[in-house]
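The values are calculated or read from the model by the stated rules, or taken from the named source; none is laboratory data. Not measured: the values here are computed from a predicted model. Neighbour counts run over all protein chains shown; Cβ positions are idealised from the backbone, glycine included.
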Amino acid sequence: MASMAKAPGYLSGHLLVAMPHMPDPRFARSVVYLCAHTADGAMGLIVNKLIDSLSFPDLLRQLSIDPPDISDRIHVHFGGPVEAARGFVLHSTDYQHDATMVVDDRFALTATIDVLKAIAKGSGPRRSLLALGYAGWAPGQLDQEIQSNGWLTVPADPEVVFGDDINSAWQRAIAGIGVDPSKLASSAGRA
């Protein structure tokens, strides 16, 4: 099991909230949980966009895993545009496996079939989010996007990340730091 030590100045374990003027439609009104952010780049999962064409039971069947009856409540998220066929499970830290990367005391990431089997059997993490694909940034790229007012950074809230109300996650993430989403500028500027 790997653990992410938080380096000063980096945002692992935080949320990125797309500003209203986000030019990339794949990230419009998105909330991204940053699993890793270092001098080597950044990796995160979009937590508020679903893949409607694939259900959790369908995914389990494709992997030859018998789906449980409760699996219809588990959604498959669009984690980002990079490696769209690769699966990731962002979850609570009560489940840890050799391949689990612990981000902090509330969030961990596992990208093996074992976590899907555990979820299907009911022995997986208490809270989880299944995503296909991820969002990735080259060294310095995310820092540049933040400085250009493309993203707002906020502390991660498990209720925003794992909550059932996906449609309001963007508003709730911003409101969590006391900002009224309607007051955000719809275009970027420089002083």
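In table form, for the structure just shown:
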read-out: Residue that is surrounded by the most Cβ atoms within 10 Å (Cβ to Cβ) [pool: residues in region 88-126 that are aromatic (Phe, Trp, Tyr) and in a loop (DSSP other than H, G, I, E, B)]; value: Phe107
read-out: All positions within region 127-145 that are out of contact with any Ser or Thr (no Cβ under 9 Å at 6 or more places or on another chain) and either in contact (Cβ under 8 Å) with a residue 60 or more places away in the chain or assigned to a loop (DSSP other than H, G, I, E, B) (or both); value: Leu129, Leu130, Ala131, Leu132, Tyr134, Gly136, Trp137, Ala138, Gly140, Gln141, Leu142
read-out: Candidate set from region 17-58 (those that are under 16 Å from Asp157 (Cβ atoms) and of a type in the set (S, T, N, Q)); member that is surrounded by the fewest Cβ atoms within 10 Å (Cβ to Cβ); value: Ser30
read-out: Tabulated pairs, region 33-60, first within 14 Å of Gly87 (Cβ to Cβ) and touching a residue at least 24 places away in the same chain (Cβ under 8 Å), second part of a loop (DSSP other than H, G, I, E, B) and β-branched (Val, Ile, Thr), C-beta under 7 angstrom, 6+ apart or interchain; value: Cys35/Val103; Phe56/Ile74
read-out: Number of the condition not met by Ala156 [criteria: (1) closer than 18 Å to Val17 by Cα; (2) over 14 Å from the mean Cα position of the chain (by Cα); (3) hydrophobic (A, V, I, L, M, F, W, C); (4) crowded, with 20+ Cβ neighbours inside 10 Å]; value: (2)
read-out: Within region 146-163, tally of residues that are more than 30 Å from Leu63 (Cβ to Cβ) and either among the aliphatic types (A, V, I, L, M) or in a helix (DSSP H, G or I) (or both); value: 4
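Listed here are the residues, each with its yes/no results for (1) of a type in the set (Val, Ile, Thr); (2) in contact with a Lys or Arg (Cβ under 7 Å, 6 or more places away or on another chain); (3) at pLDDT 90 or above; (4) closer than 17 Å to His37 by Cβ.
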| position | (1), (2), (3), (4) |
| --- | --- |
| Val115 | yes, no, yes, no |
| Ala120 | no, no, no, no |
| Gly133 | no, yes, yes, no |
| Gln144 | no, no, yes, yes |
| Asp180 | no, no, no, no |
| Lys183 | no, no, no, no |
